[in-house]
Each structure stands twice: as C-alpha cells, then as structure tokens.
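S.K.: Dropping the structure in here first, questions after.
Only the coordinates and a few stated rules stand behind these numbers; no lab work does. All figures in this text were calculated on a predicted structure; none of them were measured in a lab. Neighbour counts are summed over all protein chains in view; Cβ atoms, including those assigned to glycine, are modelled from backbone coordinates with ideal geometry.
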Amino acid sequence: MLVTNKELMDAAKAGGYAVGAFNINNMEFVQAITDAAEELNSPVILAVSQGAIKYAGFSNIVSLVRTASEDKKVKLSLHLDHGKDMQIIEQCINDGFTSVMIDGSDLPFDENIAITRKVVEMARPKGVSVEGELGRLAGVEDHVSVSKENATYTDPDEAAEFVEKTGVDSLAVAIGTSHGAYKFKGDAKLAMDRLTEIIGKVDVPLVLHGASGVNQEHVKMGNEFGAKLMNARGVPDEAITEAVKRGICKVNIDTDMRIAFTVFIRKTMYEKPELFDPRKYLGAGRDAIVDVVKYKINLFGSEGKAF
Ligand code: G3H
Ligand code: 13P
Ligand code: ZN
C-alpha cells in the first residue's frame, strides 16, 4: 500500500522508532528494499533523487514502485529526495509521489522559508506530505574548526520558526552527518545535544540524512576485488541508535546499498570471469541490498511496524 511519509513518520514518532528511507535507481533496488521490508513486516520509504528520475525516467520509477506496492502488504511511501527543481517537484506532487522533500538548505533562511512554504501550498491539497531541510550537511573537508562545524548545524530557534512559518510535515536537520562514503576524518562525532535541543522546540518528526554506516567488511571486500575505497568511513550504529532514541523518525540510507551492490557484483565477476549473464551478477548485488536493508530495519526498530 502506498501511503505518505507523514503517516509513517507520525507512527514512528509515537512508537519511538525510525522508518528507513532507502534510495532507488532501478528495478533491483526496488525489489530488494521491498522484499526486505515484507520479510520483516516493516514500513519503508522509497526515496528518489532528481538524479534517479533522470537516470531511470519518471514513469519507470513510478511504475516500479506502484507494482511493488500492489504486490506487497507492507506500507510503502514514494518520496522525492532533495527536490530542488520546482518543475520536478510539481510533477511528483501531481503524478504519483506520496511525499516530496524541498531542499532549500543552501538558500538564505528567508528564501528557504518562502520556497518551502510554496511547496507545502502545492502539496497539501493533493494529500502529499512535505519534508524541509535546515542546516548544512557539510562534507568532510569542511570540518576544519569547531566554530565552522557549529555554523553548519541546525539552529534550534530557527528550526522552530521554520516549521511554524512553512507548515512542513517533517524537518531534516544537520548535526554532523554528510552524504557519501567519506564522512569523518578523525572520530565520528554527531551533535547529539543539539539534536535534543531541536527536538525540544520542534513538534514535527525529524529526519537524519547522510546516515550510512559504511560497513568496513564491505569496504575491505571491495578493495580486495579491485575497488578503491580508501579511508571510507560512516556513522557508527551506536550513533544511529542514540539519534533514534532521542527522536529521529526517518533515517536516509543510500551509500551503504551502493557499496554492497557494487562489492557483490565485483566479487561475482571476479570469481566467475566466464559469466556474462547480467541476471547472475545483478542478482548477487540485489541479494546484498536485501541484507543491508534488513540490517537497517533492525537498527531503526521498525520491524513489525508495517500496519
Ligand atoms: O542524498 C543523495 C542521495 O544519496 C542520492 O544521490 O543525487 O546521486 O542520486 P544522487
Ligand atoms: P548516505 O550517503 O549516508 O547514504 O545518505 C543518503 C541520504 O541522505 C539520501 O538523502
Ligand atoms: Zn540526503
């Protein structure tokens, strides 16, 4: 069944767990994520970036998710991840997505409010929920000083004002994570006190982007089979557990699935050089994603919360 992020996240907030938002680009990812969800009776959010829409084509992505939703008993949401282009956002609202993110996080505060509010006004009459973002998910190179780090984190008072003035259903916050496979130079450090402060001032459910753990076994395996993933580092599981305990209701994962998919395809091709049937190596990649998603569902506590 396709439902909104709001429905899934409000239930998560009440239940003290988080729902995983897993990025999709093709059939294998959709099948793997929804199979894992069905196996563990967990709701999941299928997240689609503008880049994924460009790669797969809008109607292909919507059809894949619609087919999965007809086929599965668990609640699924089809969500636009990091929407920035108003035309794409409008298309998603009108043509089958149940949730959109408007990412105005690189705009000045007032402009972020204005564009986010505009999206809420477009989405609400259609029953589509909206995620906004405030604060910057800095890359590892940006983490040079404490004051610079603090400036990138979400400000709790601004977060309260942002939510009130925009009417968003959920808010993505910046507390030290970043996208991709190279998140920390030294120790992994998340601003948990900042998160608690924000939660104290904001009513809507909060979202953690850039939450991949970067499984070191996968990194090692990938490097053994020809990858170059030197010093790849992610968010430790304990930090995710702590963030969910403090009130994060949606956790975004892309990198961990990308790495697993690639590593297992590499392994299969290396071990069976005679093989040229794509179903064989893509199948191995797909199985690896199932395992990643099941692991995350357990970590986020959403197992058994599908209905
Ligand atoms: O946060 C971004 C997601 O990992 C999607 O990345 O824009 O390369 O599709 P992408
Ligand atoms: P990762 O790169 O840590 O998987 O983050 C994904 C994300 O935030 C998608 O919006
Ligand atoms: Zn993100």
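S.K.: Please enumerate the residues belonging to the stretch 234-246 that are surrounded by fewer than 20 Cβ atoms within 10 Å (Cβ to Cβ) and more than 14 Å from ligand 2 (Cβ to nearest atom).
M.R.: E238, T241, E242, K245, R246
S.K.: Name every residue in the stretch 209-237 that is assigned to a helix (DSSP H, G or I) and not hydrophobic (A, V, I, L, M, F, W, C), in order of residue number.
M.R.: Residues satisfying the conditions are Q216, E217, H218, K220, G222, N223, E224, D237.
S.K.: Right, something else. Being within 16 Å of ligand 1 (Cβ to nearest atom), assigned to a helix (DSSP H, G or I), within 19 Å of the chain's Cα centre (by Cα) and of a type outside the set (G, A, S) narrows it down to one residue among I240, I259; which is it?
M.R.: Selected residue: I259, the only one of I240, I259 that is within 16 Å of ligand 1 (Cβ to nearest atom), assigned to a helix (DSSP H, G or I), within 19 Å of the chain's Cα centre (by Cα) and of a type outside the set (G, A, S).
S.K.: Residues of the stretch 160-179 being touching a strand residue (DSSP E or B) at 6+ places or on another chain (Cβ under 7 Å) and not charged (D, E, K, R), which ones?
M.R.: Hits for the stretch 160-179 are F162, V163, T166, V168, S170, L171, A172, V173, T177.
S.K.: Here's a follow-up. Anything in the stretch 10-48 that is assigned to a strand (DSSP E or B) and either in contact with a Ser or Thr (Cβ under 9 Å, 6 or more places away or on another chain) or touching a residue at least 60 places away in the same chain (Cβ under 8 Å) (or both)? List them, or say none.
M.R.: Within the stretch 10-48, V19, G20, A21, F22, N23, V44, I45, L46, A47 qualify.
S.K.: Report yes if K280 is surrounded by fewer than 19 Cβ atoms within 10 Å (Cβ to Cβ), in contact with a helix residue (DSSP H, G or I) (Cβ under 8 Å, 6 or more places away or on another chain) and basic (K, R), otherwise no.
M.R.: Against the criterion (surrounded by fewer than 19 Cβ atoms within 10 Å (Cβ to Cβ), in contact with a helix residue (DSSP H, G or I) (Cβ under 8 Å, 6 or more places away or on another chain) and basic (K, R)), K280 qualifies.
S.K.: Does G247 fit the bill of being closer than 25 Å to L8 by Cα and among the small types (G, A, S)?
M.R.: Criteria met by G247.
S.K.: Let me ask something else. Checking the conditions here, which among D169, D193, D187 is in contact (Cβ under 8 Å) with a residue 60 or more places away in the chain, of a type outside the set (V, I, T) and either away from ligand 2 (no atom under 16 Å from the Cβ) or farther than 26 Å from T4 by Cβ (or both)?
M.R.: Result of the check over D169, D193, D187: D169.
S.K.: The conditions are (1) closer than 26 Å to L299 by Cα; (2) in contact with a helix residue (DSSP H, G or I) (Cβ under 6 Å, 6 or more places away or on another chain), and R117 fails exactly one of them. Which is it?
M.R.: (1)
S.K.: Let me ask you something else. Among what's in the stretch 200-218 and is out of contact with any helix residue (DSSP H, G or I) (no Cβ under 7 Å at 6 or more places or on another chain) and within 21 Å of N23 (Cα to Cα), pick the residue that is surrounded by the most Cβ atoms within 10 Å (Cβ to Cβ).
M.R.: H209
Residue by residue, here is whether (1) surrounded by fewer than 18 Cβ atoms within 10 Å (Cβ to Cβ); (2) over 23 Å from I297 (Cα atoms); (3) within 16 Å of ligand 3 (Cβ to nearest atom) holds:
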position	(1), (2), (3)
K183	no, no, yes
D187	yes, yes, no
L195	no, no, no
I198	no, yes, no
K220	yes, yes, no
A232	no, no, no
I248	no, no, yes
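S.K.: Ok, one more. Could you look through the stretch 172-181, keep only residues that are without any contact (Cβ under 8 Å) to a residue 60 or more places away in the chain and within 11 Å of ligand 2 (Cβ to nearest atom), and pick out the one that is surrounded by the fewest Cβ atoms within 10 Å (Cβ to Cβ)?
M.R.: Per the criteria, the residue is S178.
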